[in-house]
1. Please arrange L36, L42 by counting, for each residue, the other beta carbons lying within 10 Å of its beta carbon, fewest first.
2. Taking the Cβ of each residue in V60, V21, V83 as the centre, tally the other Cβ atoms inside 10 Å and list the residues starting with the fewest.
3. Taking neighbour Cβ counts within 10 Å as the exposure measure, how do M19, M49 sort from fewest upward?
4. What pairs from K48/K81; K32/K54; K26/K54; K38/K81; K48/K77; K26/K81 go past 18 Å between their alpha carbons?
5. Show the residues, 5+ positions off or on another chain, whose built amide H is closer than 5 Å to the amide H of R64.
Amino acid sequence: MAFTTRKMEAVEKWLTFPMDVLRWIKQYDSGKEGSLVKQVPLTADNIKMIDRLKQFVPIVRRYRGPRAIGFARECHKANAKRVSIYIREAI
């Protein structure tokens, strides 16, 4: 079976993560959305895992506050209850 370049890049990206980070990513997987993980509660353990994750890939954090009707609002870090993580694209 031959891989396209795009599929191989996706495989190589996941090979850099240790197994505990991969399990954590799967726990908060965002499906087909653009984020790597979505709606991660801001607990001490999750913050440590986010810090570990940023050792392997450049990331962008989007903090989410209390839910409005049907959606989470983007907010400042101080008011946040959850965070979504995106892989930072090279410029």
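None of the figures in this text is laboratory data; all of them are computed from the coordinates on show. Fair warning: this is a prediction, and the values are worked out from it, not measured in the lab. Here Cβ is always computed from backbone atoms with ideal geometry, including for glycine, and neighbour counts include all displayed protein chains.
1. Working: L36 19, L42 14.
The most exposed by this proxy come first: L42, L36.
2. On the way: V60 13, V21 18, V83 21.
Listing V60, V21, V83 from fewest to most nearby Cβ atoms yields V60, V21, V83.
3. With the fewest neighbours first, M19, M49 line up as M19, M49.
4. Numbers: K48/K81 16 Å; K32/K54 21 Å; K26/K54 16 Å; K38/K81 12 Å; K48/K77 16 Å; K26/K81 20 Å.
Flagged as over cut-off: K32/K54; K26/K81.
5. HN-HN under 5 Å from R64: C75, K81, R82, V83, S84.
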